[in-house]
Amino acid sequence: MSSVVATTGFIANADFGWFSHFLHRPEPTDEVNFWQPSPHVFKTIATGAPFFFRLGAPHRAIAGYGFFARWEPVPVWLAWESFGDLNGTDTFAEMTARIEAIRRRTGSALLARPQDYDIGCIMISQPVFFSPDEWIADHADWHPRTQSGKTVDILHGDGQRILTECLERTTRMRTEAEPLIDDARRYGAPRAVQLRLGQGTFRIALTNAESPRAWGWTGSVPDAARLVSGIPTRVGMDRAPSRRVARHGRNPHARGDGPSQ
C-alpha cells in the first residue's frame, strides 16, 4: 500500500439502473466502468483516491464507492468488449441505448452510425455497493443542480464522515478493508490505495498505450502485450495472423496499414 495520504475524493451522480445492476449481480467484482456518455477528461482526483456513487432524488444518498484507477476515451464497442456487464448493463444493446438516450436528452452529437462513437471510461477498482438499509446520508453541502459530481475534502467535515462510514460498512462485508479503517483513524483518511488493475482496465490501458490516435505503426511491443494473441486497436482487433507480424512486434495505430515486411 502507498504511504501517500489521499486528501480528496469525488462524489459522482450515479444512474439508479447502473447501480442496481451491480447491487443485484450474483458475484462481486474487482472493477467497474463508470462510463460518461461523451468523453470529458477526468483528472479531478489522484489514482487510488475514493470515488463515491451517489443516487439522486428520491434517494439522495451515497450508495457505494470504489477507488479511481484510470480515465480513458475509448470507442463504445471496446468499452463493452473490455468490461462486458461491468458497464452496468446486461447487454451491449442495452448499454448503447442508454448512452444514446442520454446524448439525445443532453444535446450531445450522435454520429451517423449508431454504436460508433467514443465514450469516457472512468475505471473504478475494488467497488462496493450497499443495500438500501446501508446507504449513507448525502453530503451536507450537495447542491441540487450539481450534474456529474464534485470533489470533496475527505480529511475534514462531511467528506470525512462519508468515507469513514463507507469503510466501516465495508469491514462488515470484507475483512481486508480493516487496514483502511486503521489509516482513517490515524491520518484522518486512508492512504491512497495501490490498485490491482482488473482485466478490463488493463486491456484499455494496453490498447491506448499501443494504439495512439495517429497514423502509423508502433515499432515495439511491451512484454505484457506479448501475452495476448491479439492487440485491440481503436478500429478493431489486430489478431497477429502470421508469424511475421508477431516476430516484428508491430501493431496498428488508430488508422492506416502497416508497412510491408
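In table form, for the structure just shown:
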| quantity | calculated |
| --- | --- |
| For peptides 12-23, 130-141, sequence by mean Cβ density within 10 Å, most packed first | 12-23, 130-141 |
| Sorted peptide list for 162-168, 24-30, criterion being average Cβ within 10 angstrom, highest first | 162-168, 24-30 |
| Neighbour cut-off at most 12 other Cβ (10 Å), DSSP loop, trypsin sites (Lys or Arg not before Pro), the range 13-73 | LYS43 |
| Relative contact order (%) - criterion: Cα under 8 Å, at least six apart; region: the range 55-127 | 51 percent |
| Long-range HN-HN contacts of TYR117 with modeled amide H, under 5 Å | VAL76, TRP77 |
| Amide H partners (placed H, <5 Å) of SER38, local residues excluded | GLY120 |
| Vicinal HN-Hα couplings computed from phi for the range 84-97 (Karplus, 6.51 cos²θ - 1.76 cosθ + 1.60; Hz; Gly/Pro x) | x, 6, 6, 7, x, 9, 7, 9, 5, 4, 5, 4, 5, 5 |
| Relative contact order (%) - criterion: Cα under 8 Å, at least six apart; region: the range 11-97 | 34 percent |
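Throughout, read-outs are computed from the coordinates displayed, never taken from laboratory work. Predicted model, so just to flag it, every value in this text is computed and none were measured. Because the Cβ atoms are built from the backbone with ideal geometry, glycine has one as well, and the counts that use them run over all protein chains shown.
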